[in-house]
1. Keeping every protein chain in place, order Tyr101, Tyr19 by accessible area at 1.4 Å, biggest value first, i.e. largest first.
2. Would you kindly find the accessible area of Asp103, with a 1.4 Å probe and non-protein molecules such as ligands, DNA and RNA excluded, rounding to the nearest 10 Å²?
Amino acid sequence: RMASPEVAGATWLGQTPAYDEQGKPSGKHCKGPARNATNWVVTLTGCVEFEVCNTEKGGTGQIVTIVPGNVLIADDVEGPAHRWRLVPCSDNVIHPWTRQYTDVSGHAALEFLRNQIFQ
């Protein structure tokens, strides 16, 4: 993933390979907050299973699968964040996860997304 330019309204791409160095599907475990800004994230390729983490940095069971074309607002800037792992898409293949990030941390942009796009 390219580093965030940390400028409100900035857009950048991130890509995670389908498999890690051990040949396992790529993923991330629960850690502290992963970002210091709220991002609009558009999945371009790959299918990703997300799970919200709890304060003990374990999974909560709140799982959602993101597929190409899905958009999410990543706003876990406080608390235990989330974990994810790449999963097979409808073609039964694990693809690299390519996504576009847009910093929407400005209050007006975030409110527009929440109230006009995701109502």
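1. On the way: Tyr101 10, Tyr19 110 Å².
Accessible-area ranking of Tyr101, Tyr19, largest first: Tyr19, Tyr101.
2. Near enough 10 Å² of accessible area.
The values are calculated or read from the model by the stated rules, or taken from the named source; none is laboratory data. Computed from a predicted model, the values in this text were never measured in an experiment. Calculation scope for accessible area: heavy atoms of the full protein, side chains included, ligands and nucleic acids excluded. Shrake-Rupley method; radii C 1.70, N 1.55, O 1.52, S 1.80 Å.
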